[in-house]
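Have a look at the structure below, then the notes.
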Amino acid sequence: MRNNDDEFGRHAQEALRTLSRLLTPASDDFGFEVGVQAGALELEFAPPQAPITVTLHPAQQQIWLVSGAKTHKLAWDIVENAFVLEATGQTLQELLEAAISEAVGEDVTF
């Protein structure tokens, strides 16, 4: 089990680093704040928009994207080389782009 934990940790940390790096220009363009702490990525928007969080859940081997009342639980997909929502095949980046677009009312890609 330890190898799976290590593999999950490597993929998850890299996903958060990549998202953080990609979100910096978008945050400037669309007026939201990005913070990373304690293994979580949090996006803060002007009220009344709720924050969006991306958190690691090593026990479930998942990354959770929480946006408003929606929680998406994504697992590592070796074929896609990304965290993917099994039900739809969407990647973490695609889901995050959709959530940010909904929050800011504009099409956001990064």
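Here are the numbers for this structure:
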item: Folded to 0 to 90 degrees: helix 2-30 orientation relative to the chain principal axis, Cα; result: 10
item: 0 to 90° range, to nearest 10: angle between helix 92-104 axis and the chain longest Cα axis; result: 20
item: Charge dipole magnitude, Cβ of K and R +1, D and E -1 - the chain, Cα centre, debye nearest 20; result: 360
item: Dimensions in Å of the chain - Rg and Dmax from alpha carbons; result: 13.6, 43
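Taken together, the values in this text are just the output of simple stated rules run on the coordinates, not laboratory data. On a predicted model such as this, the values are computed, not experimentally measured, just so you know. Note that we place each Cβ from the backbone using ideal geometry, even for glycine, and neighbour counts take in every protein chain shown.
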